[in-house]
Amino acid sequence: MTGPTVNPPSPSRYDEDCYLPRTCAITAEHVTDFPFREELPAGLRARCGDLVRETGDGGDVITRLAGWKLGGWPTWHLTQPTVIPCEDCGTAMTLLFTVASCDETGVVVGRWGDLRIFTCPADHRHAFQVDLH
C-alpha cells in the first residue's frame, strides 16, 4: 500500500475502558511543577518532603502533578531519574509534553503510566524522544 488508508480499521479494543478518551473539556491551568525530590539540592529535599507529608495522602503530589501538561519536570514514579540524551548531539533533553493516565480523560497509558515527549534544548531541529513511563 502506498497511500493513506481511506477507511482505517477500528481499534481492536475500542469497546474497553481506557483505550479511547472520553469527551471532556480542556482547562488550562498554570501550576508550579517541581523536579523529582532526589533531583533537588539537599537543603530543599527535606523541606519538599515535609511539604509532601503536610499536603495529603502520603502520595508525592508535589513532584507528580496529575494530568496532561506542557513542559515542566518529568515524573519518575516508576524508576529513578535518568538523563535522556539527544540522539543527535548528546545534550540532556527536556520535557515537552506529558500524556498522563488519568480519570478525567479516561486514558490509560501502558499500565497506568505516562507517555512523555522530550525535545533537545540545544537545537529544535533534532529528533524528539518518546518515552513510556
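A few points about this structure:
- Failed item, numbered, when Cys18 is tested on (1) open to solvent by less than 100 Å² (accessible area, probe 1.4 Å); (2) modelled with pLDDT of 70 or more: (2)
- Close pairs from the stretch 66-81: first closer than 17 Å to Phe97 by Cα, partner β-branched (Val, Ile, Thr), Cβ under 7 Å, at least 6 apart: Trp68/Thr98; Trp68/Val99; Lys69/Thr98
- Residue within the stretch 60-83 that is at pLDDT 75 or above, loosely packed, with under 13 Cβ neighbours inside 10 Å and of a type in the set (D, E, K, R) present: no
- Cβ separations smaller than 8 Å between residues 6+ apart or across chains give the following pairs from the stretch 109-133 residues that are under 14 Å from Thr82 (Cα atoms) and touching a residue at least 12 places away in the same chain (Cβ under 8 Å) to residues that are small (Gly, Ala, Ser) and open to solvent by less than 40 Å² (accessible area, probe 1.4 Å): Leu132/Gly113; His133/Gly113.
The values are calculated or read from the model by the stated rules, or taken from the named source; none is laboratory data. This structure is a prediction, so every number in the text was calculated from the model and none was measured. With ideal geometry, Cβ positions are generated from the backbone for all residues, glycine too; neighbour counts draw on all protein chains shown. To get the accessible areas, we keep the full protein, side chains included, count just its heavy atoms, and leave off ligands, DNA and RNA. Shrake-Rupley method; radii C 1.70, N 1.55, O 1.52, S 1.80 Å.
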